[in-house]
Each structure stands twice: as C-alpha cells, then as structure tokens.
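All remarks here apply to the structure that follows.
The values are calculated or read from the model by the stated rules, or taken from the named source; none is laboratory data. Here the structure is a predicted model, which is why all the values come from computation and not from measurement. As a convention, Cβ positions derive from the backbone with ideal geometry for all residues, glycine included, and neighbour counts pool all protein chains shown.
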Amino acid sequence: MGQFFRRADENGTERWWLEVMGKGGKERMVPATAEMMTELGIYRRARGLAGLPSPGEDTPLVLPVGPSRKPLTRAALHRIVKDVFSGAAQSRRARSEDHAQRADRLEQASAHWLRHSAGSHMADQQVDLRLVRDNLGHASLTTTSQYLHIDEDRRHRETDEKHRIDW
C-alpha cells in the first residue's frame, strides 16, 4: 500500500495517486479517487490498520482472510475473483431460467473483465478518452476506443447538433 501517495494539484487540493507497474515494467500513476480512498480506509480499519496508507508501507494491497499480512499470489487473486463471479452466476441461475444467459456471461468474467468494465464505465460517463487511455496505461487511443459503447441515436443526435457549418 506504500505505492499510494498524495500530491497537491494546481489549486492546492491534495489528491491521492497510486503508482502501478504495467506491462513491460512500465510505471504509471493512476488517480485514486476520493471514493476509492474512502473505501480503502474502511478496508484498512477493518484489518486493524490506520485509515490511510503511509509512504513506503509494505502492507500488500489485497490481504488474505485472517491475521496474515503475507501477500496473495497472482493465482490466488485470480481464483478469488473467479469464485466471486461464479457465486454471482449461481445466484442469478437460482432466480429463474431467464437469468441463465447472464449467469453464463458472469462465469466467464475475470479480473481483466473488471478492468474492461472500468474503462467502459469511464467512457460511458464521457471521461475524455485521452484520460481513459492514460488511466489504463494504453499506448494508443486506438486500443482505448474499444471501450466506447455510444448508442447510435445519441451519436446521430450529437453529430447533427454539433457538427455544423452554420451558414
């Protein structure tokens, strides 16, 4: 958790960031939103830690269940994520047969699916695509553009309203 740090923005407001290691050993900074830091504080306090991480703290970001502070392996994290989605799929199936298709889709979900969902959500909320690119660590906007899911009616309406010569 020692990869979290605070830095003042141009207005002097303290903002949290998380330094992460991406593909190819490339370091990047990801904004840690106020909401994320609130949830992190709740998680940390439930684990008997101070609400906010300290610089250089060696506590793993995701802790195992129980008193251990030993980092989980990548495989263990993958298994936990898959188990959560599997449980959600079983719950969907238990509701009715109408939910079977969605349950099948949930069972295919993974940690990478969560990353894709985050990118799609940012794009759907009209976060500037360049910022989405930087948050996800993409080298190209072409890669990031796969997260765009704008509906056709809105695309037509906004093009008609905003792409004008106005003679």
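Things worth noting here:
- Filter pass, Arg74 being at pLDDT 90 or above and among the basic types (Lys, Arg): no
- Search result, residues across the range 1-29 that are of a type outside the set (D, E, K, R) and farther than 24 Å from Arg69 by Cα: Ala8, Asn11, Gly12, Thr13, Gly24, Gly25, Met29
- Total residues in the range 46-69, condition closer than 16 Å to Phe4 by Cα and either exposed (fewer than 13 other Cβ atoms within 10 Å of the Cβ) or of a type in the set (Gly, Ala, Ser) (or both): 7
- Within the range 89-113, restricting attention to residues that are over 30 Å from Asp58 (Cβ atoms), within 19 Å of the chain's Cα centre (by Cα) and among the aliphatic types (A, V, I, L, M), the residue that is surrounded by the fewest Cβ atoms within 10 Å (Cβ to Cβ) is Ala109.
- Of all residues in the range 128-167 being under 24 Å from Gly25 (Cβ atoms) and β-branched (Val, Ile, Thr), the one that is modelled with the highest pLDDT: Val132
- Here the range 128-159 is the region considered, the condition is being part of a helix (DSSP H, G or I) and polar (S, T, N, Q), and the residue that is surrounded by the most Cβ atoms within 10 Å (Cβ to Cβ) is Thr144.
- Where a residue in the range 13-27 is farther than 18 Å from Pro60 by Cβ and its partner, wherever it lies, is in a loop (DSSP other than H, G, I, E, B), with Cβ under 6 Å and at least six apart: Arg15/Asp9; Gly22/Gly137
- Listed by first and then second residue, the pairs with beta-carbon distance under 7 Å, at least 6 apart or on different chains, first residue in the range 69-88 and under 29 Å from Ala100 (Cβ atoms), second part of a helix (DSSP H, G or I) and of a type in the set (D, E, K, R), are Phe85/Glu107; Ser86/Glu107.
- Considering the range 50-68, and only residues there that are more than 21 Å from the chain's Cα centre (by Cα) and free of Cβ contacts under 8 Å to residues at least 24 places away in the same chain, the residue that is nearest to Ser110 (Cα to Cα) turns out to be Val65.
- Some residue of the range 83-93 being in contact with a strand residue (DSSP E or B) (Cβ under 9 Å, 6 or more places away or on another chain) and either β-branched (Val, Ile, Thr) or on the phi < 0 side of the Ramachandran plot (or both): no
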